[in-house]
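Worksheet: the structure to be examined is printed underneath.
The values are calculated or read from the model by the stated rules, or taken from the named source; none is laboratory data. Remember, predicted model here, so these are calculated numbers, not experimental data. Neighbour counts are summed over all protein chains in view; Cβ atoms, including those assigned to glycine, are modelled from backbone coordinates with ideal geometry. The protein model used for the area step is the full one, side chains on, heavy atoms only, and it has no ligands, DNA or RNA in it. Shrake-Rupley method; radii C 1.70, N 1.55, O 1.52, S 1.80 Å.
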Amino acid sequence: MKPKGTAMFSCLERGNLRELRLSAFYRGAATTQHPMRKMLAALSRLLQGPAAHRPVARVVVASRNYADFASEATFEIKKHDLHRLEEGPPTTAVMTREQGLQYYKTMQTIRRMELKADQLYKQKIIRGFCHLYDGQEACCVGIEAGINLTDHLITAYRAHGFTYTRGASVREILAELTGRVGGCAKGKGGSMHMYAKNFYGGNGIVGAQVPLGAGIALACKYFGKDEICLTLYGDGAANQGQIFETYNMAALWKLPCIFVCENNRYGMGTSVERAAASTDYYKRGDYIPGIRVDGMDVLAVREATKFAADHCRSGKGPVVMELQTYRYHGHSMSDPGVSYRTREEIQEVRSKSDPITLLKDRMVNNNLASVEELKEIDVEVRKEIEDAAQFATTDPEPPLDELGNYIYYKEPPFEVRGPNQWIRYKSVG
């Protein structure tokens, strides 16, 4: 005689719900007459049919290991437009699994960091100017992948992404945005004035960083170092006269400088078509070679940057590189970003050209990563951002007596005039 409940456990083990229900009928009919049991048995066989005699397949869920993935894959990238160049960057790019995971995590970190900055600004924890970089992540990540850590970089005021790729942590960036001592500029620079090793900001004056970048490139050449400087500016600054003056000097002296125009299609609230007689920014250098690149594709940016860097290192002089990209937020936090463009336009770019989605699809479709693995990275990134935000809102603000510090590097202490002639601060280098 079978133990009580054996039929039920047997049915559960086979995963057959219908048989489980019938077994309940059997147990209820066991106390009735024998013909009733026979009738129920015949009805069971009729309902189950021949499938009842086939073994039920078990579903086994197993996690994939690293051996299941490809080590690398080759991708086609959009052909670059060239100016005064016989040959340009390659139209194919090889990406290893490790590189793909690194690019994905870095871009996702920048995206989440910017969204957190947006949230903190709306909570009035971050004050002052704040220019967000979400949508343009492929530019800074692709550029960093194409140069060396010893190379130099200077940009405008949309600087959070480059500050991160140049080596500052999320904690330092968010703490700088909230004006805390743990910030990358000790809480004194804010959104537009962040710095890191071989990274010179974060500059608030439109276009003014371009001649500074040429000066850094001049130093690289003067000291005989195999280093270059990437000087970034936006389409809005591209019409500045000082940029054309810098082009002239850089070409004349063959400076190892890559002029990078991040063309996100709008200078503040003005479209490029309304602001520029020619929107071919990569041709603006005239006698300087130029490349126009899909700035939403991290691999296209990487390959173009490598090509331009090799050009500069070989002593051929500067290159102008235009990155066609897009910002999801407004120009700054005071700009809702929808008065001069439609929500439908923004959504179309998000759905068709998002740099993170493009990389994710490439990796999954070419067996470089699984959806589950990338979701784990997303969870890890979210936790890092939340921890950094907690630090940025609890870290102390710099004391008033340190207001004058760090004006000069390695200089003896001196007095700095305060808001009026009777208030003095000591400045320590």
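Check region 214-235 and report whether any residue there is over 21 Å from Asn148 (Cα atoms), in contact with a Phe, Trp or Tyr (Cβ under 6 Å, 6 or more places away or on another chain) and modelled with pLDDT of 95 or more.
In the first step, residues of region 214-235 are kept if they are over 21 Å from Asn148 (Cα atoms); the result is 234-235.
The next check asks that each one be in contact with a Phe, Trp or Tyr (Cβ under 6 Å, 6 or more places away or on another chain); those that pass are none.
For region 214-235, residues over 21 Å from Asn148 (Cα atoms), in contact with a Phe, Trp or Tyr (Cβ under 6 Å, 6 or more places away or on another chain) and modelled with pLDDT of 95 or more: absent.
Being in contact with a Cys (Cβ under 7 Å, 6 or more places away or on another chain), closer than 17 Å to Val210 by Cβ, at pLDDT 95 or above and of a type in the set (Phe, Trp, Tyr) is true for just one of Tyr281, Tyr247. Which residue is that?
Details: Tyr247 fails: in contact with a Cys (Cβ under 7 Å, 6 or more places away or on another chain).
Only one candidate passes the filter, namely Tyr281.
Scan region 151-165 for residues that are more than 18 Å from Phe259 (Cβ to Cβ) and either out of contact with any Cys (no Cβ under 8 Å at 6 or more places or on another chain) or among the basic types (Lys, Arg) (or both) and jot them down.
First, pick out the residues of region 151-165 that are more than 18 Å from Phe259 (Cβ to Cβ): 160-161, 163-165.
Within region 151-165, His160 is the sole residue that qualifies.
Just to be sure I understand, how many residues within region 147-173 are open to solvent by 10 Å² or more (accessible area, probe 1.4 Å), in contact (Cβ under 8 Å) with a residue 24 or more places away in the chain and within 25 Å of Ala208 (Cβ to Cβ)? Spell out how you get there, then give the answer.
Filtering region 147-173 for residues open to solvent by 10 Å² or more (accessible area, probe 1.4 Å) gives 147-150, 152, 156-158, 164-167, 169, 171-172.
So of that shortlist, the ones also in contact (Cβ under 8 Å) with a residue 24 or more places away in the chain come out as 147-150, 152, 156-158, 164-167, 169, 171.
Adding the requirement that they be within 25 Å of Ala208 (Cβ to Cβ) leaves 147, 150, 152, 156-158, 164-167.
So the count comes out to 10.
Quick one: how many residues across region 323-343 are in contact with an Asp or Glu (Cβ under 8 Å, 6 or more places away or on another chain) and not β-branched (Val, Ile, Thr)? Spell out how you get there, then give the answer.
From region 323-343, those in contact with an Asp or Glu (Cβ under 8 Å, 6 or more places away or on another chain) are 323-325, 327-329, 333; that's our starting set.
Right, trim to not β-branched (Val, Ile, Thr) and you get 323-324, 327-329, 333.
Qualifying residue count for the region: 6.
Listed here are the residues, each with its yes/no results for (1) under 19 Å from the mean Cα position of the chain (by Cα); (2) in contact (Cβ under 8 Å) with a residue 40 or more places away in the chain.
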{"residue": "Pro318", "(1), (2)": "no, yes"}
{"residue": "Thr342", "(1), (2)": "no, no"}
{"residue": "Gln347", "(1), (2)": "yes, no"}
{"residue": "Leu359", "(1), (2)": "yes, yes"}
{"residue": "Met363", "(1), (2)": "yes, yes"}
{"residue": "Gln390", "(1), (2)": "no, no"}
{"residue": "Asp401", "(1), (2)": "no, no"}
{"residue": "Glu415", "(1), (2)": "no, no"}
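Being within 25 Å of Ala117 (Cα to Cα), among the hydrophobic types (A, V, I, L, M, F, W, C) and surrounded by fewer than 21 Cβ atoms within 10 Å (Cβ to Cβ) is the requirement here; does Ala237 meet it? Please lay out each step first, then the result.
Values: within 25 Å of Ala117 (Cα to Cα): yes; among the hydrophobic types (A, V, I, L, M, F, W, C): yes; surrounded by fewer than 21 Cβ atoms within 10 Å (Cβ to Cβ): yes.
Yes; evaluated as a whole, the condition is true for this residue.
Just checking, does region 246-259 include any residue being touching a strand residue (DSSP E or B) at 6+ places or on another chain (Cβ under 6 Å) and surrounded by fewer than 17 Cβ atoms within 10 Å (Cβ to Cβ)? Don't jump to the end; show me each part of the working.
Quick first cut of region 246-259, residues touching a strand residue (DSSP E or B) at 6+ places or on another chain (Cβ under 6 Å) only: 250, 257-259.
Still in the running and surrounded by fewer than 17 Cβ atoms within 10 Å (Cβ to Cβ): none.
Within region 246-259, not a single residue is touching a strand residue (DSSP E or B) at 6+ places or on another chain (Cβ under 6 Å) and surrounded by fewer than 17 Cβ atoms within 10 Å (Cβ to Cβ).
Identify, please: which residue in region 115-146 is of a type in the set (S, T, N, Q) and open to solvent by 10 Å² or more (accessible area, probe 1.4 Å) and is, among those, farthest from Asp235 (Cα to Cα)?
Taking region 115-146 first, the residues of a type in the set (S, T, N, Q) are 119, 123, 136.
Filter again for open to solvent by 10 Å² or more (accessible area, probe 1.4 Å), leaving 119, 123.
Working: Gln119: 27, Gln123: 31 Å.
Only one residue fits best here, namely Gln123.
Is one or more of the residues making up region 103-115 in contact with a Cys (Cβ under 8 Å, 6 or more places away or on another chain), of a type outside the set (Phe, Trp, Tyr), closer than 24 Å to Val206 by Cβ and not in a loop (DSSP other than H, G, I, E, B)? Full working, then the answer.
As a first pass, look at region 103-115 and keep what is in contact with a Cys (Cβ under 8 Å, 6 or more places away or on another chain): 110.
Restricting the remaining residues to those that are of a type outside the set (Phe, Trp, Tyr) gives 110.
Remaining after also requiring closer than 24 Å to Val206 by Cβ: 110.
With the extra rule that they be not in a loop (DSSP other than H, G, I, E, B), the set shrinks to 110.
Yes, region 103-115 contains at least one residue that is in contact with a Cys (Cβ under 8 Å, 6 or more places away or on another chain), of a type outside the set (Phe, Trp, Tyr), closer than 24 Å to Val206 by Cβ and not in a loop (DSSP other than H, G, I, E, B).
Restricting attention to region 408-429, which residues are in a loop (DSSP other than H, G, I, E, B) and surrounded by 13 or more Cβ atoms within 10 Å (Cβ to Cβ)? Before you say what the answer is, go through the steps one by one.
Taking region 408-429 first, the residues in a loop (DSSP other than H, G, I, E, B) are 408-413, 418-423, 428-429.
The answer is Gly418, Val428.
For every residue, the table says whether it meets (1) touching a residue at least 12 places away in the same chain (Cβ under 8 Å); (2) open to solvent by 30 Å² or more (accessible area, probe 1.4 Å); (3) hydrophobic (A, V, I, L, M, F, W, C).
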residue: Gly187; (1), (2), (3): yes, no, no
residue: Phe199; (1), (2), (3): yes, no, yes
residue: Gly202; (1), (2), (3): yes, no, no
residue: Ala219; (1), (2), (3): no, yes, yes
